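The values are calculated or read from the model by the stated rules, or taken from the named source; none is laboratory data. Given the structure is predicted, the values throughout are model-derived calculations rather than measurements. All Cβ positions, even for glycine, are placed from backbone atoms using ideal geometry, and neighbour counts span all protein chains on display. What goes into the accessible areas is simple: the full protein's heavy atoms, side chains included, and nothing from ligands, DNA or RNA. Shrake-Rupley method; radii C 1.70, N 1.55, O 1.52, S 1.80 Å.
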Amino acid sequence: GLSTQPIWRKLWDDVMKTRPPNSESITCWRKKFLETFFSNVLHGVLDVSSDWRLNDRHFSPLLHSSPHVSQLTLCNMLQGAVELTAEHNHKVLENLAGSLRILKFQHLLSCDQSVRRSLVLLLHRLIHHGSVSQVSMCSWPVPDTVLLILILTMSAGFWRSGNALTYHGSPCGLCREEDTAQSQESAQEGAERGCNAEEEQSGGENQKRSPKESGAHMNSVLSGPRSPPLQNTACEETSSEVPCGYTSIQGGSSPHSSSEQLSCHLIPRKTRRRLKPAVARKRRCLRRSRGHCADPEDLYDFVFTVAREDNSGLLDKTSTTERENTETSSSPGSPCTGHAGCKRRTGPAGILSLKAAQRFRSVSTLELFSIPLTGETCRTLSNLLSSWVSLENLVLSYNGLNANISCILSGLRALSRHPQCRFRALRVSDMFSHMPCMELVRCVLSALPQLHTLSVSFDLKNQLEGSRPEGNPGCSEAEIPESCLEVLEIRFPREPLHAAFLLPVLKASKSLQQLSLDSATLPCPQEFGLLLEVLKECTPDLKKLCFHDVNLAEHQKEVLLLLQDPGLQEITFSFCRLFESSTAEFLSEIINTVKRNSSLKSLKLPGNRLGNHRLVALADIFSEDSSSSLCQLDVSSNCIKPDGLLEFTKKLEGHIQQRGGQLPFTHLRLFQNWLDQDAETAQEALRRLRALCSVVNDAWDSSQAFADYISVM
């Protein structure tokens, strides 16, 4: 029953010798220590020989801590990937396959073929045969196209046969077991369907299958937790029509019924005869290589194949017949067709190699932060997204998408039509907006009605957009289908917030529970009132409402109406200049309104220049005659000084005594206030406050306050 947290905290000080970031939010010091310990040893930051407790030749730091690692970051030249795939760390990699959930790549640099080979082995074990559910990449100003597409492709579950991946000279054992089981199933199915003698003889042999059955085997559902199979060329050949604007990862399959999509490996004999000779040759080459180390150039070829880039080495290996077959068999319904900046360019042998790829387990969350994405990379990502059925969350942040956002949406639209689609959250943020925010929101909801969370954020308006009208034809005129949206966050690049443009979005989002509007400008005084009417009419289930950096100094009446709304449980007015031109009566009205509202649980007022006297007045919310259920109050960045905080604490203590010790108030946030001006008084106030509730604050240098104040002005 004794906690070991203090011991692990002391171990951190003794071994790491650094101050942990965000130490206030650390809930388990044991997990924090072991994860950081593993990472520091792996990257050579921590010298094990420097500590007598660790300097033991029988002790393996990586092996000891690996079962406790759920998050790992690889950076720079991927030295960590090379180390983890070394033969002496085989057991470490096996432990990570069971414990690791989040894999991050940060500040990556170009690397040679051998390092990429190690990365392939690592991703294959941790994603395809492991437990990694989230892949994040960040801070890559000049990304290596080969490396980026390699990570994306393997995260989506695509790669060549696992037997082509050798671990220290031997093929992947897990793939070999699955292939053996699958080949037995294929042999049984072939026998039941009256296959010819050649098919029956080759069906039980993994390395000597006919091209016909090899094609079926490649696209069959593999044993274990893998994604649905790839659609076969035969499937698209038998289809009579291809809906415009849609294709699967292969670049040519169309969205048929679920039975067609899930049973493409059961190819009728008539259809099998129609397979192109180039396809058969490709599969025979792949079949001959099973169980042997793949050609070093295969990595380049496959990556560029997925990307559909014109690679001279790949062109040399591709016959004229293959190129013609590829072009004639590809459907016009590419995810990227018909969008500016996203014209589909057929690769020389892209579709064929993708069809020859196996589909393994894939991740559910993909995050790309500060990585410029070219048009070619966006097309690749779009094609991967179109059949990435396990994907639930996608975060694209500062990727310079511009018009390529249409390409990404095309891939997601194709994905949404898949019967097993689980996609629920999309977050897009960038420096410049290609189109007005509300127009983009409408486009996304029209394409993805099953979304639960949508976040759109832009810093600046695209200069080329100029005087482009807000009501731009296109998505803005299309009717939005009823959606499942629960969370909507919009950060406007100083765009006017028109209630009329928000109305159709809210009407289609009857299940909306959380709305956040950031950096919007109100074109006229009446606009905010119209917005409140729209919210009341269209969002009966709204629980959380947030306004950030929206000037509400002249909208005191509307602010009071929001505070008395019985449906809202959390309200945020962040840097909204509430008290910029207000009187003492307005503060009193706020306090009385909150006192009468028993449904409001959280009130956040950061950056509104409360000062000492307004903070002290807010303590009356918890007076004896109050029916408020407020339990969280955020007064960060409000120029609060130690003496004001102490007076607020004393007044709060008095109200608690009057109420017989009963107080719903549990959390107070005090970030970036002027508490360093009198350290002794501040410590006394915080000590007494922590006896009443949980207090979260920081050691902020108030000497920067004036500069910050000027910047806000």
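The slack in the chain from residue 536 to residue 667, taken as 0.36 nm per residue of separation less the alpha-carbon distance, amounts to 44.3 nm. Separation of the alpha carbons by more than 19 angstrom is noted, of 601/651; 544/604; 32/91; 557/651, for 601/651; 32/91; 557/651. For the stretch 578-592, putting each phi into the Karplus relation 6.51 cos²θ - 1.76 cosθ + 1.60 with θ = phi - 60° gives couplings of 4, 10, 5, 10, 9, 10, 5, 5, 5, 5, 5, 5, 4, 4, 5 Hz, in residue order, rounded to whole numbers and with x for Gly and Pro.
Near residue 89: Cβ cut-off under 13 Å, other residues only, Lys/Arg at +1 and Asp/Glu at -1. The net charge is -1. Using only side-chain charges placed at the Cβ, +1 for Lys and Arg and -1 for Asp and Glu, the dipole size of the stretch 1-69 relative to its Cα centre rounds to 140 debye. With a Förster radius of 41 Å applied to the C-beta separation of residue 22 and residue 658, the computed FRET efficiency comes to 0.65. Each of 48, 26, 64 was scored by the projection of its Cα onto the charge dipole of the stretch 1-69, and the greatest displacement toward the positive side belongs to 26; charges sit on the C-beta of Lys, Arg, Asp and Glu. Taking the protein heavy atoms of the stretch 66-143 in the context of the full set of protein chains, the accessible area attributed to carbon and sulfur is 53 percent at 1.4 Å.
Summing Lys and Arg as +1 and Asp and Glu as -1 over all other residues whose Cβ lies under 10 Å from the Cβ of residue 579 gives a net charge of +2. Here the gap between residue 507 and residue 543, fully extended at 0.36 nm per residue and compared with their Cα-Cα distance, gives a gain of 11.3 nm. In the stretch 1-69, the alpha-carbon atoms span a convex hull of 109 Å³ per residue. Applying 1/(1 + (r/R0)^6) with R0 = 56 Å to the Cβ-Cβ distance of residue 560 and residue 701 gives a FRET efficiency near 0.95. Restriction of the chymotrypsin sites (Phe, Trp or Tyr not before Pro) in the stretch 1-109 to DSSP coil positions whose beta-carbon has at most 16 other beta-carbons within 10 angstrom yields 52, 59. Phi angles across the stretch 39-44 convert, under the Karplus curve 6.51 cos²θ - 1.76 cosθ + 1.60 with θ = phi - 60°, into 3J(HN,Hα) values of 5, 5, 5, 4, 9, x Hz, Gly and Pro given as x. Reported to the nearest whole Å, the Cα centre-to-centre distance from the stretch 545-573 to the stretch 380-416 is 35.
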